[in-house]
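Where a number appears in this text, it was derived from the coordinates with a stated rule and is not lab data. Note that the coordinates shown come from a computational prediction; the quantities given were computed from them, not determined experimentally. We place every Cβ from the backbone using ideal geometry, glycine too, and count neighbours over all the protein chains shown.
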Amino acid sequence: MSETDVLVIGAGVSGLLCASQLQDAGLKVRVVDKGRGPGGRISTRRQADARFDHGAQFFTVRDARFQAFVDQWMQAGVVREWFRHSPEDSNPQGYPRYCGMEGMASVPRYLATQLDVACGERITELSRNIDVWIATSASGARLAAPYLLLSTPLPQALALLDTSGLDYAGNDKAALRRIRYAKALTTMAILDGPSALPQTGFVKLLQKPLAWIADNKLKGISPHATAVTIHSDAEFAEQHWGSPDETCGPLMLEAAEQWLGSPVREYCCHRWGFTTPLNPWHEKHYTNPAIKLTLAGDAFGGARVEGAALSGIEAAEAILHR
Ligand SMILES: Cc1cc2nc3c(=O)[nH]c(=O)nc-3n(C[C@H](O)[C@H](O)[C@H](O)COP(=O)(O)OP(=O)(O)OC[C@H]3O[C@@H](n4cnc5c(N)ncnc54)[C@H](O)[C@@H]3O)c2cc1C
């Protein structure tokens with residue numbers, strides 16, 4: 001059993017930013033995640049000689065607090081501006097779309113190096129003993145801390161909290177349960193030659209069943225192979241959730257044909273059960289001070305990397321002000 005001040009479940013951008021703020025303030029923080037690496041929906045994946053960003057493609061910045069982190073990441077060589085102009089922008093000047101230097105996962109990897117992060121630990125059960133939270137993982141590890149921050153997608157956080165048998169949200173529980181996420185299917189394809197995407201390497205599509213396509217070679221993260229990430233809309237994902245890759249992959253490749261430009265060498269698909277929240281909570285985090293519990297993530301901050309980041313930042317402030 002290991003003791004820390006705050007246990008953070010979820011090493012997505014919200015959990016990592018919250019943890020780093022708490023650690024900077026002098027608290028002992030432990031972060032656990034079920035994934036092979038940190039980042040959650042900010043994810044970069046290798047396949048053969050190709051590299052794909054297959055979750056978030058870029059992030060934008062509106063809030064000065066998040067901009068301060070991004071400026072620091074720029075200085076550290078962790079992020080760069082990918083592109084500024086997109087045909088659908090109302091402002092002709094556009095605005096920066098940032099990406100990780102070697103793929104989006106550069107950001108969570110950088111944040112995690114300064115923290116105590118254990119990956120590959122899926123928490124399956126929570127309990128609270130007098131004043132201490134105890135999280136049990138699928139491998140049998142038990143982690144204890146007086147304060148718990150849960151930053152997984154909200155339905156997963158609530159399912160975990162239900163295992164504790166506690167009344168953790170009183171009258172708010174039903175409203176928290178009503179927060180829903182959109183699903184999406186992603187097809188990652190390696191092409192035999194250049195794609196037909198514009199030089200930026202990104203197109204937002206308004207025609208069904210696709211939402212956008214990105215060329216990871218033009219983006220600068222897959223130097224040895226043309227690797228395209230194709231993202232479906234939510235309706236297609238609902239319709240084909242149970243279909244094998246051999247069904248949904250070719251359908252998405254056919255819909256993307258005009259942007260491919262070269263034959264497909266190989267492809268695989270990924271199912272995202274939680275892309276972004278459809279109806280986020282009205283505050284940036286949910287805190288129950290009586291049981292030292294805070295919930296954070298994009299379900300609170302809003303449907304983007306920046307929303308999740310701001311949720312993590314404000315969750316840390318809430319914990320520190322206690
Ligand atoms: C395909 C896709 C494309 C997107 N594109 C963009 C984009 O271009 N720009 C943008 O701004 N946003 C985009 N988003 C949204 C953005 O990625 C998310 O809003 C943001 O990354 C969410 O961060 P988070 O910290 O709230 O959650 P997550 O990143 O989901 O982190 C939660 C973590 O909790 C872990 N976890 C879950 N359950 C357990 C458990 N039981 N035990 C241990 N760990 C657990 C998960 O492994 C995960 O790492 C996209 C999302 C998707 C899926």
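Order 15-24, 79-88 from most to least packed using the mean count of other Cβ atoms within 10 Å.
Most protected by this proxy first, the peptides run 15-24, 79-88.
As a quick test, which of the pairs K34/K284; K173/K292; K28/K173; K183/K204; K34/K219 have an alpha carbon distance above 20 angstrom in this structure?
With Cα atoms farther than 20 Å apart: K34/K284; K28/K173; K34/K219.
Which of rounded, prolate or oblate describes the stretch 1-114 when judged by the alpha-carbon gyration tensor and an a/c cut-off of 1.5?
oblate
With an 8 Å Cα cut-off and a minimum separation of 6 or more residues, compute the relative contact order for the stretch 1-85 in percent.
The value is 21 percent.
Please give the contour-minus-distance gain from K28 to L253: 0.36 nm per residue of separation, less the Cα-Cα distance, rounded to one decimal in nm.
Full-extension gain reported as 76.2 nm.
To the nearest 10 degrees, how steeply does helix 245-255 sit against the main Cα axis of the chain, on a 0 to 90 scale?
50 degrees
Which percent, to the nearest 5, of DSSP beta bridges fully inside the chain are antiparallel?
Here the antiparallel bridges make up roughly 75 percent for the chain.
Looking at the stretch 7-100 only, what percent of DSSP beta bridges run antiparallel? Nearest 5 please.
Within the stretch 7-100, antiparallel bridges account for around 75 percent of the total.
Starting from the stretch 229-287, pick out the trypsin sites (Lys or Arg not before Pro) whose DSSP state is loop and whose Cβ has at most 12 other Cβ atoms within 10 Å.
When the trypsin sites (Lys or Arg not before Pro) of the stretch 229-287 are filtered for loop state and at most 12 Cβ neighbours within 10 Å, nothing remains.
Helix 64-75: angle to the longest alpha-carbon principal axis of the chain, degrees 0 to 90, nearest 10?
The angle comes out at about 60 degrees.
Multiply the residue separation of Q207 and A76 by 0.36 nm, subtract the distance between their alpha-carbon atoms, and state the gained length in nm to one decimal.
Length difference between fully extended and current span is 43.3 nm.
Round to the nearest 10 and give me the degree value, 0 to 90, for the angle of helix 13-24's Cα axis relative to the longest principal axis of the chain.
Once rounded, the angle reads 50 degrees.
How long is the gain from R322 to S90 if the chain were fully straight, where each residue apart is worth 0.36 nm and the alpha carbon distance is subtracted?
Extra length available between R322 and S90 comes to 79.3 nm.
Taking only Cα atoms and a 10 Å spring cutoff, compute GNM fluctuations for the chain and point out the largest among N171, N216, N279.
Fluctuation is largest for N171.
Are there chymotrypsin sites (Phe, Trp or Tyr not before Pro) in the stretch 229-284 that DSSP marks as loop and that have at most 13 other Cβ atoms within 10 Å, and which are they?
W241
About the Cα centre of the chain, how large is the charge dipole given +1 on each Lys and Arg Cβ and -1 on each Asp and Glu Cβ? Please answer in debye to the nearest 20.
For the chain, the charge dipole is close to 240 debye.
Of the residues I130, I190, I179, which exhibits the maximal mean-square fluctuation in a Gaussian network model of the chain defined by a 10 Å Cα contact cut-off?
Greatest mean-square fluctuation among the candidates belongs to I130.
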